[in-house]
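Quick notes on the structure that follows.
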Amino acid sequence: MLDDLDHALVHALQIDGRAPFARIGAVLGVSTQTVARRYRRLRAEAGLRVVGLAAPHRAGQTQWLVRLTVVPAVAQRVADALVRRTDTTWVKLAGGGTEICVIVNSANDSGHGLLLHDIPRTTGITAVSAHQLLHLYHGGPTAWLGRADVLTDTQRRQLEPETRATPAEATATDAPLLTALQRDGRLGQTELAAITGWSAATVARRIADLRAAETLYFDVEIDARLFGATTQALLWMAVAPADLDTVATELATHRELAVVAATTGPTNLLAHALCADPPALHRYLTHRLGALPGIRSCETAPVLRTLKAASPLSR
């Protein structure tokens, strides 16, 4: 488990993944060296990773949630193949090892007919379904409350990135910058200048402009179990269309949920639940979720492992 300073550091990075250690230290009341040392330890021992991500709707992409039902003997092999693809994120092994859930990012002009053409061909895949992600109510730039509730409002304001920039959409020339940030969102401006061929000042200005337009945001990847969430589940809900927005907006305030998204398909609302243990998940399903009108059904798929998180690129 993490201590209070670790929790505060993770929360600070969630607010601004590129905040200098000196600024984080000043806000948290510790030295720059202490912040740097804690960051290095969390990277080495807890899998902490800051990644820069392009907002799909700003980058001309459509996101698809793909569910694959597999026989247990091939589950790991299929999941590993999906992890290696650069157009996938959020690869999760669920349902007792017989289901894989993955987000596939598809260019809007690529033609959706080829969406699944590279999925490994094997007799072990028994069913495939694709659900277009229509609207994200919680997740992405919005952090899970279980790891973003440590700092005070004053500390949060002190860490928020400056907004004195000119909003800009991503272009083809931004590709090297965005690719580098997908792998490590805290790469220094000098390193990014070498990758892009720009000056360090141009790199800093371009990042600020992309963030101002909400084209680029920074996320934190770290094992949820370190925050006490040992039980995870995907909740596939069918909600009456007239109630969808109301239900999803309410769910976005629930501490137990890291993601709430409207999708196409027979179930039109997906949530990712993070709970302390199975009894806590049961209480959430029966008391909080069950009390909401408009939810017609809810399929619960326990998550065994997350093989790939928010970034399309592995370390």
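Structure notes:
- Arg43 vs. criteria under 26 Å from Leu145 (Cβ atoms) and surrounded by 15 or more Cβ atoms within 10 Å (Cβ to Cβ): yes
- Yes/no for Ala79 being in contact (Cβ under 8 Å) with a residue 12 or more places away in the chain and either touching a helix residue (DSSP H, G or I) at 6+ places or on another chain (Cβ under 7 Å) or assigned to a helix (DSSP H, G or I) (or both): yes
- Test: residue in the stretch 134-141 that is open to solvent by 40 Å² or more (accessible area, probe 1.4 Å) and at pLDDT below 95: yes
- Wholly within the stretch 199-315, helices (runs of 4 or more DSSP H) carrying at least 1 residues that are open to solvent by 40 Å² or more (accessible area, probe 1.4 Å) and of a type in the set (Lys, Arg): 200-212, 278-283
- Gly228 being free of Cβ contacts under 8 Å to residues at least 40 places away in the same chain and at positive phi: no
- Any hit, the stretch 33-44, residues being among the basic types (Lys, Arg), at pLDDT 95 or above, in a strand (DSSP E or B) and within 20 Å of Ser311 (Cα to Cα): no
- Any hit, the stretch 147-169, residues being surrounded by 19 or more Cβ atoms within 10 Å (Cβ to Cβ), closer than 20 Å to His57 by Cβ and touching a residue at least 40 places away in the same chain (Cβ under 8 Å): no
- Looking only at residues in the stretch 96-125 that are modelled with pLDDT under 90 and among the hydroxyl-bearing types (Ser, Thr, Tyr), the one that is surrounded by the most Cβ atoms within 10 Å (Cβ to Cβ) is Ser106.
- Any hit, the stretch 172-187, residues being buried (at least 16 other Cβ atoms within 10 Å of the Cβ), under 25 Å from Pro312 (Cβ atoms) and touching a Pro at 6+ places or on another chain (Cβ under 8 Å): yes
Condition check ((1) over 22 Å from Ala212 (Cα atoms); (2) open to solvent by 30 Å² or more (accessible area, probe 1.4 Å); (3) within 18 Å of the chain's Cα centre (by Cα)) across all residues:
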| residue | (1), (2), (3) |
| --- | --- |
| Ala22 | yes, yes, no |
| Val27 | yes, no, no |
| Thr32 | yes, yes, no |
| Arg37 | yes, yes, no |
| Trp64 | yes, yes, yes |
| Gln76 | yes, yes, no |
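- Considering the stretch 82-95, the residues that are out of contact with any helix residue (DSSP H, G or I) (no Cβ under 6 Å at 6 or more places or on another chain) and among the aliphatic types (A, V, I, L, M) include one that is modelled with the lowest pLDDT, namely Leu82.
- Some residue of the stretch 142-155 being modelled with pLDDT under 95, hydroxyl-bearing (Ser, Thr, Tyr) and over 23 Å from Gly228 (Cβ atoms): no
- Yes/no for Arg315 being closer than 30 Å to Gln182 by Cβ and touching a Leu at 6+ places or on another chain (Cβ under 9 Å): no
The values are calculated or read from the model by the stated rules, or taken from the named source; none is laboratory data. Here the structure is a predicted model, which means the values were calculated and not measured. Heads up, the Cβs are rebuilt from the backbone with ideal geometry, glycines too, and the neighbour counts pull from every protein chain shown. Just the protein is used for accessible areas: all its heavy atoms, side chains included, with ligands, DNA and RNA removed. Shrake-Rupley method; radii C 1.70, N 1.55, O 1.52, S 1.80 Å.
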